[in-house]
Amino acid sequence: MISLLKAREKLLSPLVSSTIRRLSSSLSYSREDSRDSEVLIHPSAVVHPNAVIGKGVSVGPYCTIGSSVKLGNGCKLYPSSHVFGNTELGKSCVLMTGAVVGDELPGYTFIGCNNIIGHHAVVGVKCQDLKYKHGDECFLCIGNNNEIREFCSIHRSSKPSDKTVIGDNNLIMGSCHIAHDCKIGDRNIFANNTLLAGHVVVEDNTHTAGASVVHQFCHIGSFAFIGGGSVVSQDVPKYMMVAGERAKLRGLNLEGLRRNGFTMSEMKSLRAAYRKIFMSTETVSLSFEERLTELEQDQELYSVPAVSAMLQSIRDSFTESRRGICKFRQWLDSTT
C-alpha cells in the first residue's frame, strides 16, 4: 500500500508542479519597457499599440484598451475591465472588475482624475434615445473625485450640440442610471437605483434616497432632498424636500442645510419665506404670483441671499421651457 502511494505521488508531482507554474504565470504581470518601465500590463490583456499609457498604470488580466484611449498616470484596471473609443481617463482613476468605459462612436468620453468606476458599471456608451442618429458625435464629460458604484449606467449625449456632464465629488451608488444630456453638478449623493431620464439638471449638494425616479427635463435645485421611491415629474426648487409616488413638496431640507453649514439665522429666514409662499394664513387668498411678489417686496427677508436664491429657483421653473415645480401637498391654488 505504501509503495502504491509513493508511485502515485511520483506520477502526480510533475503534473502538480506544471499546474502551479502555469497558474503563477497567468497571475504575473509583464513590464512594458517600450512604453514605460513603471507600467504593468498582464500578458492576457489586449492593449492596442496606439493607446497612450501614462506612468504607473496597472492593467489586469483580460482587460481591453482601444487604439484611441489615453490613460493618465497611476490608473488601475482590475481584471476584465475595458476602455474603448476616443476615451481619456485622468490620473489615478480605478476601473473595477467588469467595468466598461467608452464606445466606438464619433465623439468622446472624458473622465477626470481620481474617479472610481465600479464593478460592471457602463460609462460613456451610446444613449437610449431614438433621436440619436447613427454617425452623430456624442459626448460625456466627468470631473474629478467621483465614485460611480457597481452596475451604474451613464450615457453619452444624444446629439452633437449637447453633452452629458457630471461635475466633481459625487457619490453615485449601485445601479443608478444617468441618461443622455443630463447635467450634474458637484457633491451630490444618488442612493441606489436612482434613475435620471434625459436632459435632467441636478445642481449641487443634492441627495436622493433609494429608488428615486426623475422625469426628463426636470431640474433639481441645490441642497434639495428626494425621498425614497419618489417619482419626480416637475422641478424641485433649491433647499426643498419632496416625497411621494408623485412627488410633492414636504417642506425645507433643514437637516441637509444644517449639515452643509447654513446658519440658524439663514434657516429661520428660509422657513419664514417658505411659509409666506406655500402656507399663507392671510384672510384674503392670494394667487401664487402675488405671494411671490409679496415676498420680493419684503426687504428684510428678500435681502437674505439664500431666500432670494430660493425665490429665483421657483421663478425659473415657470419659464417657457420648464415644467413648473412639484405640487405642495395642501396646495389648492388652480394656477399651480
Normalised contact order of the chain, rounded percent, pairs of Cα under 8 Å and 6 or more residues apart: 7 percent
Using only the alpha carbon atoms of the stretch 208-250, find the Kirkwood hydrodynamic radius as the inverse mean reciprocal pair distance, in angstroms to one decimal. 9.7 Å
Label-point separation in nm, Ser265 to Arg315, each point 7 Å along Cα→Cβ: 2.4 nm
XL table Lys91/Lys163; Lys238/Lys327; Lys268/Lys327; Lys126/Lys183; Lys126/Lys163; Cα-Cα > 20 Å flagged, in table order, is Lys91/Lys163; Lys268/Lys327
Carbon and sulfur together cover what percent of the accessible area of the stretch 87-151 at a 1.4 Å probe radius? 54 percent
P(r) histogram, all alpha-carbon pairs of the chain included - 20 Å bins from 0, percent: 28, 42, 21, 7, 2, 0
Taking amide H positions as placed in the peptide plane 1.01 Å from N, state which residues far from Lys248 in sequence (5 or more) or on other chains have amide H under 5 Å from it. Ala243
In what sequence, largest accessible area first, do His155, His82 appear using a 1.4 Å probe? His82, His155
Heavy-atom accessible area per residue - the chain, 1.4 Å, Å²: 50 Å²
In the neighbourhood of Asp235 defined by beta carbon distances under 9 Å, the net charge of the other residues (Lys, Arg +1; Asp, Glu -1) is +1
Amide H contacts under 5 Å for Val125, restricted to residues at least 5 apart in sequence or on another chain and with H modeled in the peptide plane, are Gly102, Ile154, Arg156
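The values are calculated or read from the model by the stated rules, or taken from the named source; none is laboratory data. Predicted, not measured: the structure shown is a model, and the values here were computed from it. Positions of Cβ are backbone-derived with ideal geometry, glycine not excepted, and every protein chain shown enters the neighbour counts. These area figures cover heavy atoms from the full protein model, side chains too; ligands, DNA and RNA do not enter into them. Shrake-Rupley method; radii C 1.70, N 1.55, O 1.52, S 1.80 Å.
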